Amino acid sequence: MEKLRIAIQKSGRLSEKSLALLEECDISFNQGKRLLLAQSSDFPVEVLFLRDDDIPQYVADGVADIGIVGENEVLERNRNVDLVKRLGFAKCRISLAIPQDEEYPGPQYFNGKRIATSYPVILQNYLNEQGVNAEIEQISGSVEIAPSIGLAQAIFDIVSSGGTLVSNRLKEVEIVTHSEAVIVGTPGLSAAKQKILNDLLFRIETVQRSKGNKYILLNAPNDKLEKIIELLPGIKSPTVMPLYQEGWSSLHSVVNEKEFWAVADRLKANGAEGILAIPIEKMIN
Ligand code: ATP
Ligand code: MG
């Protein structure tokens, strides 16, 4: 039977979340010790563990059918892959930073300067766009120390909180691009593989939808029911069940996590009691 081969990062910032995402979709792997290629017994997929740098190439060549990788690596490797889905984790930006005490007049600052980076392709594209002539010093790690050791006058690197920059006395002056984990795919997958991919995407969307929502239960006096039902958006309409105590009902519904506190306040103000919110594991509309 046909299988979909998924490339994920072997070890690093994306590995755990990539595997967790598959596990939440009830796709697990029988890997006693970490094999290079792990099989799933409950879904027609196998996982290939790679350095994140190599994932775009493996997917472009069709050695892996899809891959979970940072958008920054997709941009840097510039391979022929389809962007299938944004995943919303490993969010960061790729920015230019210079020593804190330097004045920054704009991108012309970088004319004639040397910039250290692990992302020469993305940086060169940006410099071309801006009409800036700078020298790129490609290094593979610890980019942030390059200015203090005299290797470069500026850096172009991943930033998330900015803490690393501050502790190296650097300041972020240009955000060149944003990045998050994405699924990329080989263009023109076979129909059988596309079907497996669609099933996988359906599961991912089901899990992501449920994560943003809470199952909510509450008790309400019957004479306030109508008002309270208005306050509960729910999937279609809430479930109402009589309580043993006369004149009271129990209501069940679904509330978006972001709205939970606001909704709970209004429910309380309208006579609801015993409000419970419970995580939802799967949610299919
Ligand atoms: P590999 O050994 O696989 O080549 P790596 O060292 O190149 O790993 P990691 O540091 O594990 O890469 O980062 C993997 C990806 O996670 C990056 O390409 C980026 O998309 C994202 N990422 C990196 N640093 C951060 C951060 N501080 N915050 C959020 N996302 C990040
Ligand atoms: Mg890497």
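The values are calculated or read from the model by the stated rules, or taken from the named source; none is laboratory data. Everything numeric in this text was worked out from a predicted model, so none of it was measured. Positions of Cβ are backbone-derived with ideal geometry, glycine not excepted, and every protein chain shown enters the neighbour counts. Note: accessible area is taken over every heavy atom of the protein model, side chains too, but ligands, DNA and RNA are not part of it. Shrake-Rupley method; radii C 1.70, N 1.55, O 1.52, S 1.80 Å.
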remark   = With criteria (1) in the same structural domain as Ile55 (by TED's automatic domain parsing); (2) at positive phi; (3) under 23 Å from the mean Cα position of the chain (by Cα), Gly162 comes up short on (1)
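Look at Tyr119 and say whether it is touching a residue at least 24 places away in the same chain (Cβ under 8 Å), within 16 Å of ligand 2 (Cβ to nearest atom) and within 22 Å of Lys3 (Cβ to Cβ). Step through it out loud before you land on a result.
Details: touching a residue at least 24 places away in the same chain (Cβ under 8 Å): yes; within 16 Å of ligand 2 (Cβ to nearest atom): yes; within 22 Å of Lys3 (Cβ to Cβ): no.
It is false that Tyr119 is touching a residue at least 24 places away in the same chain (Cβ under 8 Å), within 16 Å of ligand 2 (Cβ to nearest atom) and within 22 Å of Lys3 (Cβ to Cβ).
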Which numbered condition Ser11 fails, given (1) closer than 26 Å to Glu205 by Cβ; (2) open to solvent by 20 Å² or more (accessible area, probe 1.4 Å); (3) among the polar types (S, T, N, Q); (4) not in a strand (DSSP E or B) = (1)
query = Which of the residues that make up region 75-101 are touching a strand residue (DSSP E or B) at 6+ places or on another chain (Cβ under 6 Å) and within 16 Å of ligand 2 (Cβ to nearest atom)?
reply = Ala90, Cys92, Ile94
key: Condition check for Asn78: in the same structural domain as Arg203 (by TED's automatic domain parsing), in contact (Cβ under 8 Å) with a residue 60 or more places away in the chain and more than 18 Å from Leu21 (Cα to Cα)   = no
message = For region 75-118, give me each residue that is in a helix (DSSP H, G or I) and open to solvent by 40 Å² or more (accessible area, probe 1.4 Å).
response = Leu75, Arg77, Gln108
query = Name the strands (runs of 3 or more DSSP E) wholly within region 119-235 that hold at least 3 residues that are touching a Phe, Trp or Tyr at 6+ places or on another chain (Cβ under 9 Å)?
reply = 154-159, 170-179, 213-221
request  = Can you give me the number of residues within region 141-162 that are in contact with a helix residue (DSSP H, G or I) (Cβ under 7 Å, 6 or more places away or on another chain), more than 14 Å from ligand 1 (Cβ to nearest atom) and open to solvent by 20 Å² or more (accessible area, probe 1.4 Å)?
outcome  = 0
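So, Gly212, is that one modelled with pLDDT under 95, open to solvent by 20 Å² or more (accessible area, probe 1.4 Å), of a type in the set (Gly, Ala, Ser) and over 22 Å from Glu76 (Cα atoms) or not?
yes
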key: Residue tally, condition touching a Leu at 6+ places or on another chain (Cβ under 7 Å) and either open to solvent by 30 Å² or more (accessible area, probe 1.4 Å) or not in a helix (DSSP H, G or I) (or both), over region 256-272   = 3
